[in-house]
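Take a look at the structure below.
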């Protein structure tokens, strides 16, 4: 512990251990007021005897050979718990009660952290869907259209292949219950954000004369549809000797070729031919 802090009396460490056992929590999660009550002193007295720092007590507990523990905050645990529930049992299974049980917190704590289920599900989608990876990828890409599209497909494929598989579970809910409250809430959040990101990139490519001027929604469906469908269906393909799944990078290469053939202008096609001709064999 820091040298300018007073030594912590053994009875305070013992009080922290008893309070943790009574509350069935890690010592690091026990409120200072509960430790003070166990030590039969006021909270202000305990804080003063700790030199004003809770870390002093945790350090003393470690020095006594006891792990004070300490878990991630409720906001972090709730997102991870909800993502696992969605991946395992679908979007409908991620009720606040089920999330609270999995995250080992109260429903009240979830409301305090997120305000409600909709905001919590949006946080899950933000962290586990491809949307953030797509934003970061397109923000850093310039130049060769084919390389950009190929890299885009790799980015989406990697994001959809990660565990927990939140996005496939969300799509399952979209197809089975498109008007459900949860689906509509996520759609109001995710669709404008995704179309805004892709629309900005499409606009730049259209102004550069590389792709034809088409509605953002149509271009987005042409770009995202093939890779999303492939990645959603890929785990379901049977493992039989007569059928071998192609490598994901080969799939991304083929889909990139198809997209470029479908949307590029004659000028854009010519430009990409020059790029292809310059590639080493």
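Considering only region 44-74, state which residues are buried (at least 17 other Cβ atoms within 10 Å of the Cβ) and closer than 30 Å to residue 116 by Cα.
Selection gives 74 alone.
How about region 195-208: which of its residues are in a helix (DSSP H, G or I) and out of contact with any helix residue (DSSP H, G or I) (no Cβ under 6 Å at 6 or more places or on another chain)?
Answer for region 195-208, where residues must be in a helix (DSSP H, G or I) and out of contact with any helix residue (DSSP H, G or I) (no Cβ under 6 Å at 6 or more places or on another chain): 196, 200, 203, 204, 205, 206, 207.
Which residue out of 158, 163 is under 13 Å from residue 86 (Cα atoms) and either at pLDDT below 90 or surrounded by fewer than 18 Cβ atoms within 10 Å (Cβ to Cβ) (or both)?
One residue alone meets the criteria, 163.
Looking at region 221-230, which of the residues that are under 15 Å from residue 172 (Cα atoms) and surrounded by 13 or more Cβ atoms within 10 Å (Cβ to Cβ) is farthest from the chain's Cα centre (by Cα)?
Checked region 221-230; the qualifying residue farthest from the chain's Cα centre (by Cα) is 230.
For residues that are in a helix (DSSP H, G or I), surrounded by 12 or more Cβ atoms within 10 Å (Cβ to Cβ) and out of contact with any helix residue (DSSP H, G or I) (no Cβ under 6 Å at 6 or more places or on another chain), tally how many sit in region 231-248. Don't jump to the end; show me each part of the working.
At the first step, the residues of region 231-248 found to be in a helix (DSSP H, G or I) are 231-236, 248.
Subsequent filtering for residues that are surrounded by 12 or more Cβ atoms within 10 Å (Cβ to Cβ) retains 231-232, 234, 248.
If we keep only those that are out of contact with any helix residue (DSSP H, G or I) (no Cβ under 6 Å at 6 or more places or on another chain) too, we end up with 234.
Residues flagged as in a helix (DSSP H, G or I), surrounded by 12 or more Cβ atoms within 10 Å (Cβ to Cβ) and out of contact with any helix residue (DSSP H, G or I) (no Cβ under 6 Å at 6 or more places or on another chain) within region 231-248 amount to 1.
Please tell me if residue 110 is surrounded by 19 or more Cβ atoms within 10 Å (Cβ to Cβ), outside the structural domain of residue 211 (by TED's automatic domain parsing) and more than 24 Å from residue 26 (Cβ to Cβ).
Working: surrounded by 19 or more Cβ atoms within 10 Å (Cβ to Cβ): yes; outside the structural domain of residue 211 (by TED's automatic domain parsing): yes; more than 24 Å from residue 26 (Cβ to Cβ): no.
In short, no.
Working only within region 209-224, note down all residues that are in contact (Cβ under 8 Å) with a residue 12 or more places away in the chain and outside any helix (DSSP H, G or I).
Keep residues of region 209-224 that are in contact (Cβ under 8 Å) with a residue 12 or more places away in the chain, which gives 209-212, 214, 216-217, 219-220, 222-224.
The answer is 209, 210, 211, 212, 214.
The values are calculated or read from the model by the stated rules, or taken from the named source; none is laboratory data. The structure displayed is predicted, hence computed values, not measured ones. Counting neighbours? That spans all protein chains shown, and the Cβs are built from the backbone with ideal geometry, glycine included.
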